[in-house]
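Take this structure first; my questions come after.
All of the numbers you see were taken from the coordinates with simple rules; none came from a lab. From a predicted model like this one, the values you see are computed outputs, not experimental measurements. For neighbour counting, all protein chains shown are included, and Cβ atoms are generated from backbone atoms with ideal geometry for every residue, glycine included.
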Amino acid sequence: MSQALPAPFPPAPARPGAAVGQARWEGEGRQWRLVLAGDWHDAALPAPPAGMPVADGTQVGFDSTALKHWQPAFAAALWQLLAPLARGGVTVDMAGLPRALQPLLALSLPQPDVAPQRKKVAVADEPAPEPEWRKT
């Protein structure tokens, strides 16, 4: 089931002389990747493409090999981008992100139900017969 994404937050104003990070989405269908490069201080992340289904079976990964520097606010920006996707059933593969970001996002993002479904037990309409040892 697809879900509409909330409106993205407006981008933060860039500081004068600050290097700006670059990001672009790559992919199609249910396989997507966010490519990150440069310095991330106050830059905003791009919204997911309109063609990305926000549903079970969609996967998002990352390529941060060209990412040079990032500030803690970058983790918050990633969370704002990824939380609605995760709630919609999208699987987020954080292996391509910097190692310091992975546990922060893993703890804060919504997790899929991992508990197995309970089995329904058939219940008889009649009570069980009384055991023989109780009859004496």
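Could you check region 91-110 and list, in sequence order, the residues that are in a loop (DSSP other than H, G, I, E, B), farther than 15 Å from LEU36 by Cβ and of a type in the set (A, V, I, L, M, F, W, C)?
The one that is in a loop (DSSP other than H, G, I, E, B), farther than 15 Å from LEU36 by Cβ and of a type in the set (A, V, I, L, M, F, W, C): LEU109.
Restricting attention to region 25-41, report how many residues are at negative phi and either among the aromatic types (Phe, Trp, Tyr) or under 17 Å from the mean Cα position of the chain (by Cα) (or both).
The qualifying residues number 10.
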